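Here is the structure we will look at.
Quick note: the coordinates plus some simple rules give every number you see, no bench work behind them. If you're wondering where the values come from, they're calculated on a predicted model, not measured in any experiment. Neighbour counts are summed over all protein chains in view; Cβ atoms, including those assigned to glycine, are modelled from backbone coordinates with ideal geometry.
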Amino acid sequence: MAKRQKAYLGLEWIVSLILAIIPVTNVILGIVTRVQRGNILGAVLNFFIAPLFYIIDLVTMILSRDLTVLA
């Protein structure tokens, strides 16, 4: 069995990338992922500065296949 990626909720990279492209799911899943990883500050900032985190999450998802900024 293939190793699961670390992106949104342990989903595969391509599914997480598709969800990251959609702004609403990017914000919701970004908050959920940051809370699961124990980064409450990142989740709060993601809620208030959603457009900035949308771009950051999308770029890091493409480049490193994971959320790496404040996650």
Name the single residue, out of those in the range 1-17 being without any contact (Cβ under 8 Å) to a residue 12 or more places away in the chain, in a loop (DSSP other than H, G, I, E, B) and not charged (D, E, K, R), that is surrounded by the fewest Cβ atoms within 10 Å (Cβ to Cβ).
M1
Go through the range 18-71 and count every residue that is within 9 Å of the chain's Cα centre (by Cα), under 11 Å from A7 (Cβ atoms) and in contact (Cβ under 8 Å) with a residue 12 or more places away in the chain.
9
Residues of the range 25-71 satisfying the condition of being part of a loop (DSSP other than H, G, I, E, B), surrounded by 15 or more Cβ atoms within 10 Å (Cβ to Cβ) and small (G, A, S):
A71
